[in-house]
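S.K.: Would you mind keeping the following structure in view while I ask a few things?
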Amino acid sequence: MRTLALLITVVLAGTAAAQDKVVNIYSSRHYQTDEQLYAGFTKATGIKINRIEAGEDALIERIRNEGARSPADVMITVDAGRLWRAEQLGLFQPVKSKLLESRIPANLREPGGHWFGFSQRARVIAYNKNKVKPGEIETYEELADAKWKGRICMRSATSVYNLSLMGALIDHLGEQKAEAWAKAVRDNLAQEPKGGDTDQLKAVAAGQCDVTVSNQYYYARLARSEKPDERQAAERLGIVMPNQKTWGTHVNIPGGGVLKNAPHREAAVKFLEYLASDEAQRYFADGNNEWPVVASVKLDNPVLNALGDFKRDRLNVAVLGRNQPSSQKIYDRVAWK
Ligand SMILES: [Fe+2]
């Protein structure tokens with residue numbers, strides 16, 4: 001999501017006290033609503049927040065390099081695949097919280113409490129309304145159909161979003177069928193993978209290809225853009241929530257966990273619990289045009305409302321991480337760059 005590493009140096013208070021009055025947060029999120037989110041936590045608890053913001057992978061590297069002396073208490077980043085990688089590197093410690101367990105659905109958090117999802121994004125199919133009729137494509141599986149030969153744009157398979165999508169396909173179809181799917185979709189590509197999700201959406205809107213997959217918030221950003229050409233691009237796109245009649249649309253999460261060497265563990269858990277509150281859920285999800293994880297929290301987001309209610313994949317997001325090595329191998333074998 002954020003490839004540009006934005007490093008803000010702050011003075012971090014590293015001393016742990018019986019009652020932590022500070023918490024150090026490493027985050028790859030950076031949205032307008034974040035200011036209200038952080039201010040809301042400090043107001044509710046009296047705990048001050050120090051923030052370091054950096055690109056997703058840079059953040060993980062930084063925490064690794066800091067090791068046992070890391071001042072970081074909480075890491076917030078996007079995609080279960082990336083949270084899983086951080087978990088594999090031993091960066092998180094397990095958290096047991098009745099509040100988090102009751103507020104966040106079980107499939108949107110790591111079963112051992114190492115990390116928790118705090119909003120939901122869907123990987124949707126987008127098509128050019130001048131070239132594709134509504135109902136012509138309804139599932140991820142149909143992207144493998146020969147009728148789409150030379151008509152699909154997709155970003156690189158090294159993107160964690162596509163690795164996680166493959167992780168879901170492996171679970172639902174089995175490895176063999178998932179690989180056959182990847183090979184067929186790769187053979188249907190209109191061009192070699194390049195750029196991010198927004199580039200794919202713009203390519204479809206411009207008629208360079210007819211269909212793609214993208215996280216819904218990139219579409220929402222275009223639809224709500226201040227630039228008329230971006231709004232026009234969004235108007236040319238039809239959005240499909242895939243697999244409504246089968247296993248549901250692939251969903252993923254931004255999330256976070258308490259770091260293994262957190263100097264302020266208690267405050268860190270409080271911060272995660274705050275993220276699951278009604279108030280924080282609204283800020284966290286709406287800031288990036290995503291859906292809250294807490295079901296009772298409703299957003300007044302025009303683009304998401306227009307997409308409507310939809311059936312979501314119930315797969316535990318931790319599986320997306322667990323399948324990541326297999327996903328990578330499949331994409332490599334079919335030469336999807
Ligand atoms: Fe993103």
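The values are calculated or read from the model by the stated rules, or taken from the named source; none is laboratory data. Bear in mind the structure is a predicted one, so any value in this text is a computation, not a measurement. Reconstructed Cβ throughout: ideal geometry from the backbone, glycine too, with neighbour counts over all protein chains shown. Quick note on the areas: whole protein, heavy atoms, side chains included, nothing else; ligands and nucleic acids left out. Shrake-Rupley method; radii C 1.70, N 1.55, O 1.52, S 1.80 Å.
S.K.: Going residue by residue through segment 117-127, is there one that turns out to be open to solvent by less than 10 Å² (accessible area, probe 1.4 Å), more than 16 Å from the ligand (Cβ to nearest atom), not in a helix (DSSP H, G or I) and not aromatic (Phe, Trp, Tyr)? Outline the logic, then answer.
M.R.: Our first condition is that a residue be open to solvent by less than 10 Å² (accessible area, probe 1.4 Å); within segment 117-127, this holds for 117-119, 121-126.
Subset that is more than 16 Å from the ligand (Cβ to nearest atom): 125.
Adding the requirement that they be not in a helix (DSSP H, G or I) leaves 125.
Restricting the remaining residues to those that are not aromatic (Phe, Trp, Tyr) gives 125.
Yes.
S.K.: Are there any pairs, at least 6 apart or on different chains, whose C-beta atoms fall under 6 Å, with the first in segment 27-38 and surrounded by fewer than 21 Cβ atoms within 10 Å (Cβ to Cβ) and the second assigned to a loop (DSSP other than H, G, I, E, B), and if so, which?
M.R.: Final answer for the pair search is Tyr31/Gly287; Tyr31/Asn288; Thr33/Gly287.
S.K.: Continuing with this model, one more query. If you take the residues of segment 257-280 that are surrounded by 24 or more Cβ atoms within 10 Å (Cβ to Cβ) and not hydrophobic (A, V, I, L, M, F, W, C), which of them is nearest to the chain's Cα centre (by Cα)?
M.R.: Looking at the filtered set, the residue picked out is Gly257.
S.K.: Kindly indicate whether Ser97 is among the hydroxyl-bearing types (Ser, Thr, Tyr) and open to solvent by less than 10 Å² (accessible area, probe 1.4 Å). Can you show your working first?
M.R.: Values: among the hydroxyl-bearing types (Ser, Thr, Tyr): yes; open to solvent by less than 10 Å² (accessible area, probe 1.4 Å): yes.
So Ser97 fits the description; yes.
S.K.: If a residue counts only when it is of a type outside the set (A, V, I, L, M) and more than 16 Å from the ligand (Cβ to nearest atom), which strands (runs of 3 or more DSSP E) contained entirely in segment 145-262 have at least 1 such residues? Spell out the reasoning first.
M.R.: Details: elements: 211-215, 237-240, 254-258.
Once the strands (runs of 3 or more DSSP E) in segment 145-262 are filtered for at least 1 residues that are of a type outside the set (A, V, I, L, M) and more than 16 Å from the ligand (Cβ to nearest atom), what remains is 237-240, 254-258.
S.K.: Which of the residues belonging to segment 308-337 are surrounded by fewer than 19 Cβ atoms within 10 Å (Cβ to Cβ) and either part of a helix (DSSP H, G or I) or among the acidic types (Asp, Glu) (or both)?
M.R.: Scanning segment 308-337 gives Asp309, Val319, Arg322, Pro325, Ser326, Gln328, Lys329, Asp332, Arg333.
S.K.: Something else now. Does segment 65-72 contain at least one residue that is of a type outside the set (Gly, Ala, Ser) and open to solvent by less than 10 Å² (accessible area, probe 1.4 Å)? Explain how you work it out, then say what you get.
M.R.: Step one: filter segment 65-72 for residues of a type outside the set (Gly, Ala, Ser), giving 65-66, 69, 71.
After this cut, where a residue has to be open to solvent by less than 10 Å² (accessible area, probe 1.4 Å) as well, the list is none.
Within segment 65-72, none of the residues are of a type outside the set (Gly, Ala, Ser) and open to solvent by less than 10 Å² (accessible area, probe 1.4 Å).
S.K.: With the condition kept exactly as written, say whether any residue in segment 270-285 is within 24 Å of Arg62 (Cα to Cα), touching a helix residue (DSSP H, G or I) at 6+ places or on another chain (Cβ under 9 Å) and of a type in the set (D, E, K, R).
M.R.: yes
S.K.: Find all pairs meeting these conditions: Cβ atoms under 6 angstrom apart; at least six residues apart or on different chains; first residue within segment 134-158 and on the phi < 0 side of the Ramachandran plot; second residue at pLDDT below 95 and surrounded by fewer than 20 Cβ atoms within 10 Å (Cβ to Cβ).
M.R.: Matching pairs, first to second residue: Ser156/Lys337.
Residue-wise test of (1) touching a strand residue (DSSP E or B) at 6+ places or on another chain (Cβ under 8 Å); (2) open to solvent by 10 Å² or more (accessible area, probe 1.4 Å); (3) closer than 21 Å to Asp286 by Cα.
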| position | (1), (2), (3) |
| --- | --- |
| Thr45 | no, yes, no |
| Asn50 | yes, yes, no |
| Arg62 | yes, yes, no |
| Asp79 | yes, no, yes |
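S.K.: Residue check, Thr158 against (1) under 22 Å from the mean Cα position of the chain (by Cα); (2) at pLDDT 95 or above, all met but one. Which one?
M.R.: If we test Thr158 against (1) under 22 Å from the mean Cα position of the chain (by Cα); (2) at pLDDT 95 or above, just (2) comes out false.
S.K.: If you check every pair at least six apart or on different chains, which have Cβ atoms under 9 Å apart with a residue in segment 96-114 that is on the phi > 0 side of the Ramachandran plot first and a residue that is assigned to a helix (DSSP H, G or I) second?
M.R.: Note: pairs meeting the criteria are Gly113/Leu100; Gly113/Glu101.
S.K.: Within segment 174-196, identify whether any single residue is among the acidic types (Asp, Glu), in contact with a helix residue (DSSP H, G or I) (Cβ under 8 Å, 6 or more places away or on another chain) and under 27 Å from Gly321 (Cβ atoms), and answer yes or no. Steps first, answer last, please.
M.R.: Within segment 174-196, the first condition is being among the acidic types (Asp, Glu), and the residues that meet it are 175, 179, 187, 192.
This time we only want the ones that are in contact with a helix residue (DSSP H, G or I) (Cβ under 8 Å, 6 or more places away or on another chain), so: 175, 179.
From what is left, the residues that are under 27 Å from Gly321 (Cβ atoms) are 175, 179.
So far as segment 174-196 goes, yes, one or more of its residues are among the acidic types (Asp, Glu), in contact with a helix residue (DSSP H, G or I) (Cβ under 8 Å, 6 or more places away or on another chain) and under 27 Å from Gly321 (Cβ atoms).
S.K.: I need every pair where a residue in segment 194-205 that is on the phi > 0 side of the Ramachandran plot has its Cβ under 9 Å from the Cβ of a residue that is open to solvent by 10 Å² or more (accessible area, probe 1.4 Å) and in a loop (DSSP other than H, G, I, E, B), sequence separation at least 6 or different chains.
M.R.: Listed pairs, sorted by first residue: Gly195/Arg155; Gly195/Ser156.
S.K.: Find the residue count for segment 128-144, including only residues that are open to solvent by 20 Å² or more (accessible area, probe 1.4 Å) and part of a loop (DSSP other than H, G, I, E, B). Write out each step before concluding.
M.R.: Residues of segment 128-144 that are open to solvent by 20 Å² or more (accessible area, probe 1.4 Å), as a first pass: 129-131, 133-136, 138-139, 141-142, 144.
With the extra rule that they be part of a loop (DSSP other than H, G, I, E, B), the set shrinks to 129-131, 133-136, 138-139.
Adding up the residues that qualify gives 9.
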